[in-house]
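The values are calculated or read from the model by the stated rules, or taken from the named source; none is laboratory data. All values reported here derive from a predicted model rather than from experimental measurement. Note: ideal-geometry Cβ built from the backbone for every residue, glycine included; neighbour counts use all protein chains shown. For the accessible areas, the whole protein counts, side chains as well, though only heavy atoms, and no ligand, DNA or RNA atoms are used. Shrake-Rupley method; radii C 1.70, N 1.55, O 1.52, S 1.80 Å.
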Amino acid sequence: MEVQQFYYDNKIVKKFIYATLLWGIVGFSIGLLLAFMFLFPNITDGISWLSFGRLRPLHTNAVIFAFVGNAIFAGVYYSLQRLLKARMASDFLSKFNFWGWQLIIVAAAITLPLGYTTSKEYAELEWPIDIAIALVWVAFGANMIWTILKRRQRHLYVAVWFYLGTFVTVAVLHIFNSLELPVSFLKSYSVYAGVQDALVQWWYGHNAVAFFLTTPFLGLMYYFVPKAANRPVYSYRLSIVHFWSLIFIYIWAGPHHLLYSSLPDWAQNLGVAFSVMLIAPSWGGMINGLLTLRGAWDKVRTDPVLKFMVVAITGYGMATFEGPMLSLKNVNAIAHFSDWVIAHVHVGALAWNGFLTFGMLYWLIPRMFKTKLFSKGLANFHFWIGTLGIVIYALPMYVAGFVQASMWKQFNPDGTLTYGNFLETVNEIVPMYWMRAIGGSLFILGAIVMLYNVVMTVRSGSKVTDELAEAPALTKVSKHRLKGEGYHTWLERKPVKLTIYATIAILIGGIVQIIPTLLVDSNIPTITSVKPYTPLELEGRDIYIREGCVGCHSQMIRPFRSEVERYDWTTNKQYSMAGEYVYDHPFLWGSKRTGPDLMRIGGKYADSWHFNHMYDPQSTSSGSIMPAYQWIIKNKHDLSDAEAKMKAMVSLGVPYTEEDIANAREHMNAQAERIVENLFQDPDIKSSFEQEKKDLGDQYVPLKEREIIALIAYLQRLGTDIKVTNTQEELTAKE
């Protein structure tokens, strides 16, 4: 049998390793800055692009797509070549994948702080960057599948199944969730509205966790844990069950992020059912990973690589036990919108993704540079300080979540809320925020120690070169199953068929959940009193989105007595209904309440209160940890796209008439003048602007032309469609 010689491409792996280390430090640093913003709200006072609302999506994108994304590519490019006994099919596609991904990260790092965002969780990047993501991801997948077709190893190992499942599913999720109508180069609106947008977003959002933070890392686990332990995978059969059940069930679980919301009950219940089932395949994978270490536990005591991997797999098990538990309605009623979810997310991100990445890099780098790790002692220090950081981070956040939930729901004997002021809850958990900041500091200290260890290891090693390998070429065998060949064994040598089956498995859940919600009108009963936003309110909503307000404020009053009492200040006392959101492109239900829900805020406070609240939140809300947004008061409002935005909304089904669009400027001017008139009833506001006009002369920008006016218009609109006089029948009536 002829043996062929070829070279593994190690240089592309080295590039992704360096990018992983760089973006990891960047992502962790931004997260630490955000943690300190809860303690010192005005730490970046007056700098719009360093405000919490703009940095928060940058942190999540940097950690998920920059740090974890580059780690995935590093691990896949290294392991795939060796599992297939073939060099990557195209060096050009490999380089395109690397440089394209880094440019996308840089584009995110520029646009998000500047306020260019869709506001959709883990999908905040605007449409040109979304297109770039799709192109780079397809290039990665094409290179992978092309390499599989050129392989010299007939059967595809379990890690490759997970890589294929990841590629297909992320492509489907990204494309469908990112369908948006461009208004300008960096502004677009989601094609979905309200409830439909929420379902599609969390179908994507949950499965971004599933198929970007989980399945590729399970593939890496199946490759690197056996390599590090020098043991075979515990159970081949368990890996088959793990793969197919995981990719089929995971895709259904998204609605558990929307329990007790305005999502139809049938969709919520489907999400709950499949989320509970999810614990079986998840723990099957964890057990398979941990039992692979049988006979190697003595090495765990001394080998930092195995230490990281054991804690990573354990963290995966903890997070995937907690996920199904949080999807139970009675538990979700306590945890949702609270810091419990922050703890849950970071156990998965720091322990599972972070520690598996660290373990993989500690194993890879000495081999890539043909040397020994500079300091095993520093690696062990990194492990212990990182573990301590995770514990000190997560435990106080669990406590904070319980404290928030219990305080939000307590009533006095007379039926009033015990803690009617939302800030009482915030002030109670500030000590837990201090602990989080300390835990995050320890974790990033460990990452910096690792960076030093890696730099010294690289310096002591030799230059990374392509690695010579040899293997016999594949010989042709029957396309049909051979005698005695198991069905799955046969499927493992049919990569196209395996990919098609995986695609079918992930599409079923999405089709069953999303298509009825998009097409069946009864899922979203019409409320006749709900009208489109005025042109000025639409502009104000875009400012609200730009500043990331949805990161701290929800717009979803759940059907709980405590929430209706707290957040619906009118005598109507009505929880949120699907029909209220029909013109919301995108939806803004939020996922965390650092501040109160704003669904019914319209009319509760005077215009001057909102003005002062944005200028100095502590002046209106003593003890508030909200930062000041003074630039909104200073900035002249750019209305150049006002008509284009309304035309885009018409294309999406919002019933603006041609007359509405033609008269948009006149309507905006009239509404702005009314708001300014209200503001000038406050003598302090009036005198400050009169003085500013004297000081600036011709350079003075009239108050009615500033961004704050549009933002006030939007905030004062929220919830006012649901009139006190509406009966329940009128609220849910069909047009």
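Glu565 satisfies every condition listed in (1) of a type in the set (D, E, K, R); (2) under 20 Å from Gly420 (Cα atoms); (3) assigned to a loop (DSSP other than H, G, I, E, B); (4) open to solvent by 30 Å² or more (accessible area, probe 1.4 Å) except (3). In the range 207-221, the residues that are more than 22 Å from Lys120 (Cα to Cα) form Cβ pairs under 9 Å with partners that are modelled with pLDDT under 95 and outside any helix (DSSP H, G or I), at six or more places apart or across chains, as follows: Met221/Thr292.
Confirm whether Arg665 is of a type outside the set (S, T, N, Q), open to solvent by 60 Å² or more (accessible area, probe 1.4 Å) and within 24 Å of His585 (Cβ to Cβ).
Numbers: of a type outside the set (S, T, N, Q): yes; open to solvent by 60 Å² or more (accessible area, probe 1.4 Å): yes; within 24 Å of His585 (Cβ to Cβ): yes.
For Arg665, the condition - of a type outside the set (S, T, N, Q), open to solvent by 60 Å² or more (accessible area, probe 1.4 Å) and within 24 Å of His585 (Cβ to Cβ) - is met.
The residues of the range 509-528 that are open to solvent by less than 20 Å² (accessible area, probe 1.4 Å) and outside any helix (DSSP H, G or I) amount to a single one, Ile527. Exactly one residue out of Ser554, Ser478 is within 23 Å of the chain's Cα centre (by Cα), of a type in the set (Gly, Ala, Ser) and not in a helix (DSSP H, G or I): that is Ser554. For the range 383-425, the tally of residues that are assigned to a helix (DSSP H, G or I) and open to solvent by 30 Å² or more (accessible area, probe 1.4 Å) stands at 13. In the range 612-730, counting only helices (runs of 4 or more DSSP H) that sit wholly within it, the ones holding 1 or more residues that are within 20 Å of Asp542 (Cα to Cα) span 630-634, 642-651, 658-662, 664-679, 707-717. I'd like the residue in the range 229-257 that is aliphatic (A, V, I, L, M) and either out of contact with any Ser or Thr (no Cβ under 8 Å at 6 or more places or on another chain) or under 20 Å from Ala208 (Cβ atoms) (or both) and, out of all such residues, is surrounded by the fewest Cβ atoms within 10 Å (Cβ to Cβ). Checked the range 229-257; the qualifying residue surrounded by the fewest Cβ atoms within 10 Å (Cβ to Cβ) is Val241.
Do we have Glu659 as within 30 Å of Pro182 (Cα to Cα), more than 36 Å from the chain's Cα centre (by Cα), loosely packed, with under 15 Cβ neighbours inside 10 Å and not aromatic (Phe, Trp, Tyr) here? The answer is yes for Glu659. Restricting attention to the range 568-616, the residues that are of a type in the set (Asp, Glu), over 20 Å from Phe422 (Cβ atoms) and under 30 Å from the mean Cα position of the chain (by Cα) add up to 2.
Quick check: anything in the range 529-544 among the β-branched types (Val, Ile, Thr), farther than 30 Å from Leu112 by Cβ and surrounded by 14 or more Cβ atoms within 10 Å (Cβ to Cβ)? Yes, the range 529-544 contains at least one residue that is among the β-branched types (Val, Ile, Thr), farther than 30 Å from Leu112 by Cβ and surrounded by 14 or more Cβ atoms within 10 Å (Cβ to Cβ).
Residues in the range 449-473 that are hydrophobic (A, V, I, L, M, F, W, C) and surrounded by 14 or more Cβ atoms within 10 Å (Cβ to Cβ): Val449, Met450, Leu451, Val454, Met456, Val458, Val464, Ala469, Ala471.
If you take the residues of the range 42-63 that are open to solvent by 40 Å² or more (accessible area, probe 1.4 Å) and among the charged types (D, E, K, R), which of them is nearest to Val26 (Cα to Cα)? So, considering only residues that are open to solvent by 40 Å² or more (accessible area, probe 1.4 Å) and among the charged types (D, E, K, R), the one nearest to Val26 (Cα to Cα) is Arg56.
The residues listed here are Gly510, Gly486; of these, the one that is closer than 30 Å to Ile148 by Cα, over 31 Å from the mean Cα position of the chain (by Cα) and among the small types (Gly, Ala, Ser) is Gly486. Suppose we filter the range 259-268 for residues that are in a helix (DSSP H, G or I) and out of contact with any helix residue (DSSP H, G or I) (no Cβ under 6 Å at 6 or more places or on another chain); how many remain? Matching residues across the range 259-268 total 2.
All of Ile133, Ile148 fail the test of being under 19 Å from the mean Cα position of the chain (by Cα), buried (at least 21 other Cβ atoms within 10 Å of the Cβ) and at pLDDT 95 or above, apart from Ile133.
Considering only residues of the range 78-93 that are outside any helix (DSSP H, G or I) and in contact with a helix residue (DSSP H, G or I) (Cβ under 7 Å, 6 or more places away or on another chain), which is most open to solvent (accessible area, probe 1.4 Å)? Out of the qualifying residues, it is Arg87.
Find the residue count for the range 569-583, including only residues that are open to solvent by less than 50 Å² (accessible area, probe 1.4 Å), touching a Pro at 6+ places or on another chain (Cβ under 7 Å) and assigned to a loop (DSSP other than H, G, I, E, B).
First, the residues of the range 569-583 that are open to solvent by less than 50 Å² (accessible area, probe 1.4 Å): 570, 572, 574, 576-581, 583.
Then drop every residue that is not touching a Pro at 6+ places or on another chain (Cβ under 7 Å), which leaves 578-579, 583.
Among the residues that remain, those that are also assigned to a loop (DSSP other than H, G, I, E, B) are: 583.
Total meeting the criteria: 1.
If you go through the range 198-219 and pick out every residue that is closer than 15 Å to Ala71 by Cα and hydroxyl-bearing (Ser, Thr, Tyr), you end up with 2. Note down all Cβ pairs under 6 Å where the first residue falls in the range 393-421 and is under 14 Å from Met432 (Cβ atoms), the second is open to solvent by 30 Å² or more (accessible area, probe 1.4 Å) and among the acidic types (Asp, Glu), and they're at least six residues apart or on different chains. Going by the 6 Å Cβ cut-off, the qualifying pairs are Val403/Glu428. Per the listing Gly27, Gly69, Gly31, Gly75, the residue uniquely in a helix (DSSP H, G or I), under 24 Å from Met432 (Cβ atoms), open to solvent by less than 10 Å² (accessible area, probe 1.4 Å) and not aromatic (Phe, Trp, Tyr) is Gly27. Here is a check on your reading of the model: is Trp127 open to solvent by 10 Å² or more (accessible area, probe 1.4 Å), among the aromatic types (Phe, Trp, Tyr), in contact (Cβ under 8 Å) with a residue 24 or more places away in the chain and touching a strand residue (DSSP E or B) at 6+ places or on another chain (Cβ under 6 Å)? Taking the combined requirement at face value, the residue satisfies it. Cβ separations smaller than 8 Å between residues 6+ apart or across chains give the following pairs from the range 94-114 residues that are open to solvent by 20 Å² or more (accessible area, probe 1.4 Å) to residues that are not in a helix (DSSP H, G or I): Ala107/Leu125.
For the range 615-628, indicate whether the set of residues that are among the aromatic types (Phe, Trp, Tyr), open to solvent by less than 30 Å² (accessible area, probe 1.4 Å) and under 20 Å from Ile47 (Cβ atoms) is non-empty. Walk me through it before giving the result.
Keep residues of the range 615-628 that are among the aromatic types (Phe, Trp, Tyr), which gives 615.
Still in the list and also open to solvent by less than 30 Å² (accessible area, probe 1.4 Å): none.
No: the range 615-628 contains no residue that is among the aromatic types (Phe, Trp, Tyr), open to solvent by less than 30 Å² (accessible area, probe 1.4 Å) and under 20 Å from Ile47 (Cβ atoms).
Quick one: which residue in Thr418, Thr387 is more than 18 Å from Thr594 (Cβ to Cβ) and in contact with a Gly (Cβ under 9 Å, 6 or more places away or on another chain)? Don't jump to the end; show me each part of the working.
Values: Thr418 fails: in contact with a Gly (Cβ under 9 Å, 6 or more places away or on another chain).
Thr387 is the lone residue from the list that is more than 18 Å from Thr594 (Cβ to Cβ) and in contact with a Gly (Cβ under 9 Å, 6 or more places away or on another chain).
The set of residues in the range 151-185 being part of a loop (DSSP other than H, G, I, E, B) and more than 30 Å from Leu263 (Cβ to Cβ) consists of Arg151, Arg152, Gln153, Arg154, His155, Leu156, Tyr157, Phe185. Please work out which one of (1) farther than 27 Å from Val311 by Cα; (2) of a type outside the set (A, V, I, L, M, F, W, C); (3) in contact with a Pro (Cβ under 8 Å, 6 or more places away or on another chain) is the condition Lys187 fails and give its number. That leaves (3) as the condition not met.
Would it be correct to say that Tyr605 is part of a loop (DSSP other than H, G, I, E, B), free of Cβ contacts under 8 Å to residues at least 40 places away in the same chain and surrounded by fewer than 22 Cβ atoms within 10 Å (Cβ to Cβ)? Can you show your working first?
Numbers: part of a loop (DSSP other than H, G, I, E, B): yes; free of Cβ contacts under 8 Å to residues at least 40 places away in the same chain: yes; surrounded by fewer than 22 Cβ atoms within 10 Å (Cβ to Cβ): yes.
Here the answer is yes, as Tyr605 does meet what is asked.
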